[in-house]
Amino acid sequence: MKKDILKVGNLVAHPGEKIQGNLTLKSDGNYEDVQIPVTLINGLEEGKTVAITAAVHGGEYTGVFGLIKLSREIKPEDLKGQLILVHITNVSAFEAKMQYIGPIDGKNLNRCFPGDKNGTYTEKLAHLISEEVYGQSDFFLDLHSGDIHEDLMPFTLYHREASEEVRLESRKIGELMNLGPVIGSGSDCGSINGMAMKYNIPGVLAELGCRGECNVDLAILYKNRILNVLYYYGLLDGEADEPKVDEVDYVHCMYCLDSDMDGLWYPSYSAGDEVNENQLVGYITDYFGNILREYHSPVTGKILYNTTSLAIRNGDPLISFISNVNDCTCCVNHGLAETHNMDNI
């Protein structure tokens, strides 16, 4: 989708230029103008247009640092194609150091895509990013980093319900990122991963880092894995490292248990631990230490991520599992009133 001029909002980069500035979400009277930091790099030669975002959630930092390093390293004269780099997508949540949601309307940006230009603040932000950034890209990378309250193992997520062409290309991008399990998600929860469906373009949601830490070594790793993707698609000169098929951990099922009460959460295991179906994985107590509910693994598999905060509210995610088992019996076995969520991230 290479164009002579790369334009995002009022930012314009001509061939051979690197432009840094802000994409503005205009005030509607309920909030002031929001300035979203963006780098545009427009190569001198034809190539793909790639969108890369960080900090869709306010407490995820490793991707921000990795993207800053990438933006400073790449020179337009070395690039074949175009890059749209959104350093901090959810600025208000980032500045407020908030997990999941933003301070203006209390909504999770990763549940609001593709957005609504006439909606609330977060819905308008999702619409702006969808139209200005993802809508003009050939593929995208969305960099997550484990929120302030999350312990997780690195992975990439792609949309398995997209067209076959988009699905296979997205999975290939996940392989090239080579961060850990490559997970096929069937979720339609308004996440940025759904952009693959709206615009029929490949892309992945990546996770590297956790607990709200800005880890320098992981930021460099993020940058290098992005470069590997850019090498493969010819945006930069370099030899891509392609993992062999038998070296990739393909995962087809992801399960998430949510809390059905307020209380104190005590997880029994850490991200990456292996568990068996029906195994106790944590419990919630009241504020006096009395156990209110035990939670068990719905499948035999691995813990993908869990919540590390002691405080928990009704509806909060507790723990997520990955497995290639296509069904589970947890809701029947453990008396949950409703079935657990799948692909909730």
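Carbon-plus-sulfur fraction of the accessible area of region 200-306, 1.4 Å probe, in percent?
Roughly 45 percent, rounded to a whole number.
How big is the chain along each principal axis, measuring the range of its Cα positions in Å and listing the largest first?
63, 53, 36
Please name whichever of Asn10, Cys214, Phe155 sits farthest to the positive end of the charge dipole of the chain, dipole taken about the Cα centre and charges placed at Cβ: Lys and Arg +1, Asp and Glu -1.
Asn10
Going down the list Lys18/Lys48; Lys7/Lys69; Lys26/Lys198; Lys172/Lys223, which pairs span over 20 Å between their C-alpha atoms?
With Cα atoms farther than 20 Å apart: Lys7/Lys69; Lys26/Lys198.
Can you give me the angle between helix 62-73 and the longest principal axis of the chain, using Cα atoms only, in degrees from 0 to 90, rounded to the nearest 10?
10 degrees
Ordered by packing density, taken as the mean number of other Cβ atoms within 10 Å over each peptide's residues, highest first, how do 6-12, 139-145, 290-296 rank?
Highest to lowest by the protection proxy: 139-145, 6-12, 290-296.
Roughly how big is region 223-273's charge dipole about its Cα centre, with Cβ charges of +1 (Lys, Arg) and -1 (Asp, Glu), in debye to the nearest 20?
The dipole magnitude comes to about 180 debye.
Can you give me the Cα centroid spacing of region 247-292 and region 1-40 in angstrom?
Going from one Cα centre to the other spans 41 Å.
If you stretched the chain out fully between Glu294 and Glu213, how much longer would it get, using 0.36 nm times the residue separation minus the C-alpha to C-alpha distance?
Extra length from Glu294 to Glu213 when fully extended: 26.2 nm.
Excluding same-chain residues fewer than 8 positions from Lys107, which aspartates and glutamates have a Cα within less than 14 Å of its Cα?
Those aspartates and glutamates meeting the cut-off are Asp116, Glu123, Asp316.
Which order do the peptides 270-281, 313-324, 47-58 come out in when sorted by mean C-beta neighbours inside 10 angstrom, highest first? Present the calculation step by step, with values, prior to reporting the outcome.
On the way: 270-281: 15.4, 313-324: 18.4, 47-58: 24.9.
Per-residue Cβ counts within 10 Å, averaged per peptide and sorted highest first, yield 47-58, 313-324, 270-281.
Note the angle between two axes, namely the Cα long axis of helix 216-232 and the longest principal axis of the Cα atoms of the chain, as a number of degrees from 0 to 90, rounded to the nearest 10.
Helix 216-232 sits at roughly 60 degrees to that axis.
Round to the nearest 0.05 the FRET efficiency obtained for Glu161 and Val12 when R0 = 45 Å and r is the Cβ-Cβ distance.
0.80
Would you compute, for the Cα atoms of region 189-231, the largest minus smallest coordinate along each principal axis and list the three values in descending order, in whole Å?
34, 29, 8
If you average the C-alpha positions of region 148-221 and of region 61-77 separately, how far apart do those two centres end up, in angstrom?
18 Å
Mind ordering 20-27, 220-227, 257-264 by average Cβ neighbours within 10 Å, highest first?
Peptide ranking by packing, descending: 220-227, 257-264, 20-27.
State, as an integer percentage, the relative contact order of the chain based on alpha-carbon contacts under 8 Å between residues 6 or more apart. Display every interim value, and only then the final one.
Numbers: 906 pairs, mean separation 50.2, N = 345.
For the chain, the relative contact order is 15 percent.
When N is the residue count of region 172-331, what does its C-alpha Rg come to as a fraction of 2.2 N^0.38 Å?
Dividing the Cα radius of gyration by 2.2 N^0.38 Å gives 1.21.
First compute the accessible area of region 88-158 with a 1.4 Å probe, then give the percent of it belonging to carbon and sulfur atoms.
Taking all protein chains in place, region 88-158 shows 51 percent carbon and sulfur surface.
With axes computed from alpha carbons, what is the tilt in degrees of helix 121-132 against the longest principal axis of the chain, rounded to the nearest 10 within 0 to 90?
Tilt of helix 121-132: around 40 degrees.
Heavy-atom accessible area per residue, the chain, 1.4 Å probe: how many Å²?
42 Å²
The values are calculated or read from the model by the stated rules, or taken from the named source; none is laboratory data. In this text, all values refer to a predicted model and were calculated from it rather than measured experimentally. Glycine also receives a Cβ, built like all others from the backbone with ideal geometry; neighbour counts cover every protein chain displayed. The accessibility values were calculated without ligands, DNA or RNA, using every heavy atom of the protein model including side chains. Shrake-Rupley method; radii C 1.70, N 1.55, O 1.52, S 1.80 Å.
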